[in-house]
Amino acid sequence: MRKRLIWIIGILLIFGLAVLSSAGIVDAQKKFDSSYYYFYHQLIYGILPGLVLGYVLSRVNYKIWRKLSFLILFAALVLVTLVFQPHFGFGAKGAVRWLNIGGLIFQPAEILKLSLVIYLSAWFSSHREQARNWIYGVAPFLIVLGFAALLLVLQPDIGTLIIVSVIALGIYFIDGRNLKILFSIVGLGMIILALLIAFEPYRFDRIRSFVNPQADTRGISYQVNQAKIAIGSGGIFGVGFGHSTQKFGFLPEPVGDSIFAIIGEELGLVGALFTVAMFVFLCLTLTQISLATGDPFGRLLVAGINIWIMAQAFVNIAAISGLLPLTGIPLPFISYGGSAMISLLAGLGIVLNVAS
């Protein structure tokens, strides 16, 4: 299973880098006067440091993270809090999500995802009986999740909030907790999410564009309609690698959350199914590793990382295909983003140690 996981990671990285080089070539030339800007930056500032960190973590006994789980989460929350400080945080398009510390630019919310997986895995594996109790088990869990959620709402980053919530609830469910409590938490979360959508016009517009994508094809529904055009024009075998027309300024975020549409256009249904198949293989492999792990902490740790990756992949692909409202969530291993890549490879490095 360990070798299979390494092969899957390698294929996803090579495939993702190739797709990114094509999807971003026009945008990179326009913004940075360098056609392969995204390619080199993803490789140098995402994949290479991610592989180094992943290798190091694969050699470190994963059980040490159980002892350090609270400190790791605390550090991640501090970093997320720093984005609101003018000297460190900055953003774009109305969202403040990045930190610049000594010239090192990164998105702390990506670190928060992995730290939350580690902390919740440690918490639930250490409080198996208490976690069935509202006061001693669920309340501490909700306080931590609630504080993290508050920071994400203030950025605002609802996409990451959804993923973080799915991770937390998934770990809670997998460890065999009280289903009544789980459904109560889900119900509360749905109410809060509905309120967040209702009081922010741009979020409500995304719901409107999902319900009726033809209502405003040049406005709120523009991205999803252009994505459908890209995917539809690809047919079965695609228009050919590098021959996308939608990346020439028509499709927003071609290297971000829209990159799956470029895959569908250039590589067709075959390329889209290959992408989905690789995530399915990854999911099955991580599930096997989790089930084969006797240690409760290790089992939850692998399961949490699996939920994290699969939730992001599912939401991204479903949203850009018009099956869910757009969230801005990137496609793991393929969308542009150094912070996300490093965090993912770090998480999988820990999984490799669990599997050893």
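Before moving on, here are some points about what is shown:
- The chain: projected area of the alpha-carbon convex hull, averaged over directions, in nm²: 17.4
- Within the chain, helices built from complete DSSP H runs that reach 30 Å or longer along their own axis (Cα positions) and carry a mean Kyte-Doolittle hydropathy of 1.6 or higher are 2-23, 259-292.
- Neighbour-count ranking [beta-carbon atoms within 10 angstrom, fewest first] of His41, His243, His87, His127: His87, His243, His127, His41
- Taking Gly338, Gly187, Gly298 in turn, the Gaussian network model of the chain (Cα-Cα springs below 10 Å) assigns the largest fluctuation to Gly187.
- Of the residues Phe297, Gly24, Ile229, the one whose Cα sits farthest toward the positive end of the charge dipole of the chain, with +1 on the Cβ of Lys and Arg and -1 on the Cβ of Asp and Glu, is Phe297.
- The simple Förster model, with R0 at 35 Å and r as the Cβ-Cβ distance, assigns Arg59 and Lys31 a FRET efficiency of 0.35.
- Projected label distance in nm at Phe70 and Trp7, using a 7 Å step from Cα toward the beta-carbon: 4.4
- Between Leu48 and Ile236, the modelled labels are 4.2 nm apart [label points 7 Å from Cα along Cα→Cβ].
- Top of Leu188, Leu152, Leu301 by mean-square fluctuation, Gaussian network on the chain, Cα under 10 Å: Leu188
- Among Thr327, Thr81, Thr160, the ranking by other beta carbons within 10 Å of each residue's beta carbon, starting with the fewest, stands as Thr81, Thr327, Thr160.
- Choice from Leu48, Leu344, Leu179 with maximal GNM fluctuation in the chain (Cα, 10 Å cutoff): Leu179
- CD proxy at 222 nm, helix term only [per DSSP H run n ≥ 4: -39500 (n - 2.57); per residue of the chain; nearest 500]: -22000 deg cm²/dmol
- Globularity ratio of the range 237-331, using Cα Rg and 2.2 N^0.38 Å: 1.28
- Compactness of the range 304-356 was expressed as the Cα radius of gyration divided by 2.2 N^0.38 Å, which yields 1.25.
No value in this document is a laboratory result; all are computed from the given coordinates. Note that the structure is predicted; figures quoted are calculated from it, not measured. Cβ: placed from backbone, ideal geometry, glycine included. Neighbour counts: every protein chain shown.
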